[in-house]
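The values are calculated or read from the model by the stated rules, or taken from the named source; none is laboratory data. Computed from a predicted structure; not experimentally measured. We place every Cβ from the backbone using ideal geometry, glycine too, and count neighbours over all the protein chains shown.
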Amino acid sequence: MKGTKRFEQSRQHLLKAGDAMIRKPLAVAVAGVLAGMTSAWAQAESKKEPVQLETIEVVASGQGSLTVPTLVEAQHEMRKIPGGANIIDSESYANGRGSTLQDALGYSPGVFVQSRFGAEEARLSIRGSGIQRFFHLRGIKILQDGSRVNLADGGADFQVIEPLAARYIEVYRGANALQYGSTTLGGAINFVTPTGYDAERFRARGEAGSFGYNRLMLSSGGVHGSLDYFASVSRYSQDGFRDWSEQENWRMFSNAGYRITPDLETRFYLTYTKTNSQLPGELTKAELKDNPKQANFFNSNIARYKRDFDLIRVANRTVMKLGEAQQLEFSAFYAHKKVWHPIYVVMEQPSHDYGLGLRYINEMPVAGWRNRFVAGFEPSWGKVMDNQFVNINGEAGPRIHKYDQDVSSYTVYGENQFYLLPELALVVGAQYTNMTLKQKDLHTGDPRQKKNYERFTPKAGLIYDLNPEIQFFTNVSTSFEPPSFSELASWQATPVLASAQRALTFEVGSRGRFGIAEWDVAFYRSHVRNELLARVDPVSRFPIGMVNADKTVHQGVELGLDMELAKMLYLRQMYTFSDFKFDGDPLFGNNQLAGIPRHFYKAELLYRHPAGYYAGPNVEWSPEKYYVDHANTLSVDTYALLGFKLGKRNKTGFSWFVEGRNLTNQKYAATVSVTDIAGVGAFGGANSALFFPGDGRSFFAGLEYRM
């Protein structure tokens, strides 16, 4: 690819959104795609260069890891997916600050990820998943080396992930994550750590910058006969751009693998996380414009919002090859987390989660035709003791509740890929999911609540390889997402047990490279039923329950386009169009669903010298206002952020970078809370505190040594 690494993005999906889609930002993006592909064609025609075939790494038996694919092997597997999916090489974000999920996933098409207050707490959404959830996570399955990180009910914390400790990241959007048993609208993200086979013998990295930011990471890996190992330790802290936004994290990731025979390998994982975070909360639009550094007064001075937890997680993954064309995989994990979480109440939540996984892969031909069959079974269990107390200036007062929460679930899935022609594959699959949630308040003696959710979700798709470099795909799929305990919790005297969210999604797209361009694009349209949305009291602003919207539509475009504009000059781009709306709702009609910008664009132009030096500007642009409430009465202003980075990246020895962000010191909302109606009264309407300010002008520098 002419000296450049593949920019590891995906591409997602538009659909016909009518005239509303024909906006200037979309026109600019589409023009960029057409121009890039046209110039690519012209350059290829003029140079008459032979097509470069895809490089496929072949690992002989007894070499490399059986339990963890290499980056090249994982990229090759991605071409077997008939929909939006991509891989992010950790080297693509190691050339700048690597602190948050936004740093790691920011250029992945279709992934909307924004830090809530410059730290690791983020809003993460794919195709409008968890659109109501501005805290923690819902609607996306997070995996560490193929094992689930989410709690058994589907919720998750971002602080358990260390982007710098990953070798690569796999992003599967929507039903394209079936191979990991994901049933949700958003799909799955898998963070893959190095093994002793591909890790540096020693790596040390330090970062420092504005707002008291500093990060230190040490790692090492190696192979000794049949045994290999990898371990990393990192510490991160910040004072924060805003008041009451200090954070400190310690994390350790490690794994050790043992090759029992040339065809059998087992690998054990140990993870430890300790995190302490102050939560500055939301501001009104006027407060943001006046002083974005301030914290929400209630958060910082009265309730003293925080989220602190310790987590320890152990896991195993074992792979057995059954000849040349069959493979059996087994996985297991256990996680214990203890949370201290002062918010409107003080929550103390010890939890235990554990699960198993069994997957079988068969690539034997069927009657001489190329074929690939995958089947799996994933049961999991979780238990949370949700202790809630009166919040007295951030300390626990009298007990209010003692919820004993239990969840059990299992998923059975299968998928078959049959090649009708050497270049055309038919993919069909399905999964069955069953989840049971139980809750009883041991303090009040209220009767136990129990809710069971189950659904069969099929999918079908096609993959067409025009040539070894260019691929087209299409699929139709279904998704299913039960509510988590957070969705079932309610301030109502008689809580309503919400129904599971489900959707039917159509998708078409392409991935490939030609001439100077590499692209990943997908268009999608999801018809959603029972979307999980929250109700908020329009005067007090307190939540009053979770409801299911009748019908909503999620449709959009997800585009990644990377180009070599000239020798050593590279342009990386990501554009996402998100058109999410109600469909004839009795209260909101055809209003836009709140919380996600309709147009979102990021680009980086870098000069890269063969000696490892690089320099160039970058931009993040939200060109159109979007709403914070489903009634469409209060909106987020547009913004454009300018940054610049320079440095030198070496495979061994010293590397360094210097980076500036938001150089024009824009005051803007990085993301927002979502409500149904912005409301009335002293705390409603324009006075609604729903905006999370983004960081102001900042500078960072880093130094790394690898051997």
Would you please name the residue that is farthest from Asn687 (Cα to Cα), looking only at residues in the stretch 490-534 that are in contact with a Pro (Cβ under 7 Å, 6 or more places away or on another chain) and either modelled with pLDDT of 75 or more or crowded, with 17+ Cβ neighbours inside 10 Å (or both)? Asp520
Considering residues of the stretch 141-161 that are in a strand (DSSP E or B) and under 11 Å from the mean Cα position of the chain (by Cα) only, the residue nearest to Ser409 (Cα to Cα): Lys141
Please return the ranges of strands (runs of 3 or more DSSP E) entirely within the stretch 623-707 where 1 or more residues are at pLDDT 95 or above and closer than 20 Å to Asn299 by Cβ. 669-672, 691-693
If we ask which residues in the stretch 71-106 are farther than 30 Å from Glu659 by Cα and touching a residue at least 40 places away in the same chain (Cβ under 8 Å), their number turns out to be 8
Quick test of your reading of the structure: Tyr626 fulfils all but one of (1) in contact with a strand residue (DSSP E or B) (Cβ under 6 Å, 6 or more places away or on another chain); (2) surrounded by fewer than 19 Cβ atoms within 10 Å (Cβ to Cβ). Name the failing condition by number. (2)
Out of all the residues in the stretch 189-206, is one or more free of Cβ contacts under 8 Å to residues at least 24 places away in the same chain, in a loop (DSSP other than H, G, I, E, B) and not β-branched (Val, Ile, Thr)? no
Per-region count, the stretch 403-454, residues assigned to a strand (DSSP E or B), out of contact with any Ser or Thr (no Cβ under 6 Å at 6 or more places or on another chain) and either aromatic (Phe, Trp, Tyr) or within 20 Å of Ala152 (Cβ to Cβ) (or both): 22
Please count how many residues of the stretch 162-188 are among the hydroxyl-bearing types (Ser, Thr, Tyr), more than 14 Å from the chain's Cα centre (by Cα) and closer than 18 Å to Val111 by Cβ. 1
Only one residue in Thr652, Thr633, Thr675, Thr671 is touching a Lys or Arg at 6+ places or on another chain (Cβ under 6 Å) and surrounded by 16 or more Cβ atoms within 10 Å (Cβ to Cβ), so which one is that? Thr671
From Gly560, Gly545, Gly616, which residue is assigned to a strand (DSSP E or B), within 23 Å of Leu641 (Cα to Cα), free of Cβ contacts under 8 Å to residues at least 60 places away in the same chain and not aliphatic (A, V, I, L, M)? Gly616
Can we say Gly694 is touching a Pro at 6+ places or on another chain (Cβ under 7 Å), buried (at least 19 other Cβ atoms within 10 Å of the Cβ) and closer than 22 Å to Ala295 by Cα? no
Can you confirm whether the stretch 321-333 contains a residue that is surrounded by fewer than 18 Cβ atoms within 10 Å (Cβ to Cβ) and over 30 Å from Glu415 (Cα atoms)? no
State whether the residues of the stretch 236-252 include one that is in a strand (DSSP E or B) and acidic (Asp, Glu). yes
